[in-house]
Amino acid sequence: MKKIYKITILWGTDGFGKWLAEYILEHFSRYISELTITGRNEKKLEQVAMEFHTKPHLNSSPQGENEGTRNCKIIFTTDNIEAVQNADIVIYSVPISKTQQVIEETLPYIKTSAIVSDVTSIKGFSSRAMSVRDDIIVIPTHPMFGPYIQGIAGQVIVLTPEIYIKTSKEYLFLRNFLLQEKAKVVEVSSQEHDRIIAVVQWLTHLNMFVIWETMKRLNFHIGESLNFVSPIYKLMISSVGRYLGQNPELYADIQMYNEEVIEVHEAFLETAKNFHTSVSMKDKKKFIADVEEARGFIWKKYCDEGQVYTDKLIYMLSRQQEILKNNIWNKIELQNIYSWEKINWVLEKHDNGKIFLKSGEIYTIDEYEVREKWNIF
Ligand SMILES: NC(=O)c1ccc[n+]([C@@H]2O[C@H](COP(=O)([O-])OP(=O)(O)OC[C@H]3O[C@@H](n4cnc5c(N)ncnc54)[C@H](OP(=O)(O)O)[C@@H]3O)[C@@H](O)[C@H]2O)c1
């Protein structure tokens, strides 16, 4: 097939843009003649070019500009304007606070009929900024996952195009590709996206940060608490840690650039205060009535589903422990959850979250899927 597209990602030296560059090279390089990745820093661009070169499936060159065996030229540059001028597809993956400025600086240089997309976690202002031109095809997106995943199967991707774009062949191509990859595609307006996301993301983030900060204020020892608690508590603490470990700038921007957030904020504080008042007044009747009202008739369905979902997670985690318990001196298979690398060896023992193989190697159980193999004795 003829290679037709020139794609530019602003900025692709880190975070989501870098993940996207790799994903595009892996899945679309047969359609691409040129991929341009921009960044702010020459040295970082060189490093990323080198990194792409050492990943065999990406096939770029250490100089950053080369025809790999996939025949796709990869260009690394700090010049955003030059990078968009010849591109057929431009994708903005810019920290939220800089998105508007970068779109405004580069949009006038994009050629007519180009496809222009973004991955910004807030859709209102970025969609408006891209839509000032009516001679380009604007496809705003919000992938609801971080740049750490292997594939997009099962992941949610929100698309917020204008109605007239929904029937364009470019939009349908992207949508069909995502569906074929088994991603969950959600199509809504950018306003509706921001309204829902204010609850889905901000309420979750606020909750996580408040839990962590409260524990800190109480001088609570998380490590000790993990010795005598349920898997659900461990799951909750792990989720809190996962959020806290990521880029605080992104969290700040998600809150401060979404106009819908303040209402959610105020409802959260009022609810917390309400439960606090019931407990401090020892008003058990009111406390129970509030919980029952929250659960309600319709929301009960989600309580039941939540029970089953978390039961399944607990089942899967305890199943791993069972396999280890039943397979001392048997051969087991460990598959790394990040690299998918497999290790087959005899299990000597497992203890305190560690797997000891007869080879002398020690692995952390959380980073591996454990599978039964065959009994060699
Ligand atoms: N991260 C996620 O989980 C996630 C998920 C979905 C969507 N998104 C969206 O993806 C977009 C990018 O977010 P991200 O988390 O990938 O951001 P990031 O990791 O902070 O940075 C991504 C890129 O922006 C560059 N950059 C950062 N600050 C800059 C500045 N002040 N001036 C010039 N360049 C700068 C970085 O360059 P250097 O390499 O030089 O630092 C890097 O190339 C955002 O719109 C976000 O909403 C993110």
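The values are calculated or read from the model by the stated rules, or taken from the named source; none is laboratory data. Please read these numbers as outputs of a predicted model, since none were measured by experiment. Here Cβ is always computed from backbone atoms with ideal geometry, including for glycine, and neighbour counts include all displayed protein chains.
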ask   = If you check A198 against the conditions, is it buried (at least 16 other Cβ atoms within 10 Å of the Cβ) and in the same structural domain as P95 (by TED's automatic domain parsing)?
value = no
Residue hits (region 142-173; within 16 Å of the ligand (Cβ to nearest atom) and of a type in the set (A, V, I, L, M)) are M144, I149, I152, V156, I157, V158, L159
The one condition K98 fails out of (1) closer than 30 Å to E260 by Cα; (2) more than 12 Å from the ligand (Cβ to nearest atom); (3) of a type in the set (D, E, K, R) is (2)
* Scanning for something within 16 Å of the ligand (Cβ to nearest atom), loosely packed, with under 13 Cβ neighbours inside 10 Å, not in a helix (DSSP H, G or I) and not β-branched (V, I, T), does region 230-245 turn up at least one residue? -> yes
Only unsatisfied item for K166, checking (1) in contact (Cβ under 8 Å) with a residue 24 or more places away in the chain; (2) of a type in the set (D, E, K, R); (3) surrounded by fewer than 14 Cβ atoms within 10 Å (Cβ to Cβ), is (1)
When every residue in region 14-53 that is hydroxyl-bearing (S, T, Y) and within 22 Å of M130 (Cα to Cα) is compared, the one farthest from the ligand (Cβ to nearest atom) is T36
Checking I122, I137 in turn, the sole residue that is touching an Asp or Glu at 6+ places or on another chain (Cβ under 7 Å) and near the ligand (Cβ under 10 Å from one of its atoms) turns out to be I122
Of the residues in region 168-186, those that are over 18 Å from S127 (Cα atoms) and part of a loop (DSSP other than H, G, I, E, B) come to E181, K182, A183
Of the conditions (1) assigned to a loop (DSSP other than H, G, I, E, B); (2) at pLDDT 95 or above, the single one that P62 does not satisfy is (2)
Scanning region 71-92 for residues that are within 12 Å of the ligand (Cβ to nearest atom), surrounded by 24 or more Cβ atoms within 10 Å (Cβ to Cβ) and under 26 Å from Y171 (Cβ atoms) gives Y92
